[in-house]
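The values are calculated or read from the model by the stated rules, or taken from the named source; none is laboratory data. Owing to the predicted nature of the structure, the values given are computational and were not obtained by experimental measurement. Quick reminder, even Gly has a Cβ in these numbers, built from the backbone with ideal geometry, and neighbours come from all protein chains shown. Quick note on the areas: whole protein, heavy atoms, side chains included, nothing else; ligands and nucleic acids left out. Shrake-Rupley method; radii C 1.70, N 1.55, O 1.52, S 1.80 Å.
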Amino acid sequence: MSQLFYQKECSSTNDEISQVLLYPHSDFIGLYTFNQTKGRGQYGNRWASRPEQNLAYTLAVKTQNIKLTDFLFNYYTAIAIKQYLAKLTGKTVKIKWPNDIILINKKIVGILIEKKKFNGENYFIIGAGINILQEKFDEISNAGSIFTQTGEKHELHNSAKELHEFLVEKFKSIPSEDDVLKEFNLNLFRKDEISVFELEGNRQNGIIRKVDEKGKIWIELEDEIKPFYHKEIKLLY
């Protein structure tokens, strides 16, 4: 059973999902808005979104239903959202490690996953900010939307409902950890391509080779392949 709720405006769907977690027999509860005033990204970053142009969506999933590690659940969530957007647009969609979604070289989705306890139940709180109709992104040069990248305009309410239904089905049947890791690597942005990275304040070329089950990315720099955690190295694109 799943439930999906809409708010005309809210501070953060990840924060306000607790207000609608009133159905103890529901394993999947979603909340969405098109006007999120205090959106949050990873590691305390702010997720800014123009009102009535983009989708802020959160899905609460009971952790007891998830047999993956936290890192692999993060990967699987990115895979599922990537698959939804590929189906919606008919375009090739990639995952920028650890879980940004890239459409034609522009970031159109940011994902924030948290663990919280409500009413005696433990949940994964999956937040996704999806740029759908926005046309201009000011100084954020690597950001885009479905509209800027495809020229297609999608109705916001329908997009939210379709995303919710798609993700609920995906989380009802989760593949093995090996399959998740394999699928993530198959869809990894800039994999096996020469790219520019920022490392300890310096820029240098490198090649992304893989991500592993511990959340690390392995990058070939000069003559060695080294692992990095998030924020230890930055891909420039």
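Things to note:
- Cα long-axis angle, helix 177-186 against the chain (0 to 90 degrees, to the nearest 10): 60 degrees
- Distance between the stretch 163-205 and the stretch 117-145 - C-alpha centres, whole angstrom: 17 Å
- Three-way shape label, the stretch 137-237, alpha-carbon gyration tensor, a/c 1.5: oblate
- Helix 70-89 axis, angle to the chain major axis (alpha carbon atoms, nearest 10°): 80 degrees
- Compared with the direct C-alpha span, the chain from D179 to N65 gains 39.3 nm at full extension, assuming 0.36 nm per residue.
- Residue pairs, from the table K136/K214; K106/K182; K117/K170; K115/K136; K38/K106; K161/K234, whose Cα atoms sit over 31 Å apart: K136/K214; K115/K136; K161/K234
- Computed accessible area, S18, all protein chains, 1.4 angstrom probe, square angstrom: 50 Å²
- The stretch 159-197: GluC sites (Glu not before Pro) in DSSP loop, at most 16 other beta carbons within 10 Å: E193
- Rounded if a/c under 1.5, otherwise prolate or oblate - the stretch 71-212, Cα gyration tensor axes: oblate
- Over the chain: helical MRE at 222 nm, DSSP H runs n ≥ 4 each giving -39500 (n - 2.57), nearest 500: -7000 deg cm²/dmol
- Based on C-alpha pairs under 8 angstrom that are at least 6 apart in sequence, the chain has a relative contact order of 16 percent.
- Within a straight-line Cα-Cα reach of under 18 Å, K67 can be paired with the following aspartates and glutamates, leaving aside sequence neighbours fewer than 8 residues apart in one chain: D27, E114, E121, E169, E177, D178, D179, E183, D212, E213.
- Counting heavy atoms of the protein chains alone, Y123 has an accessible area of about 10 Å² for a 1.4 Å probe.
- The chain: angle of helix 156-172 to the longest principal axis, Cα-based, in degrees nearest 10: 80 degrees
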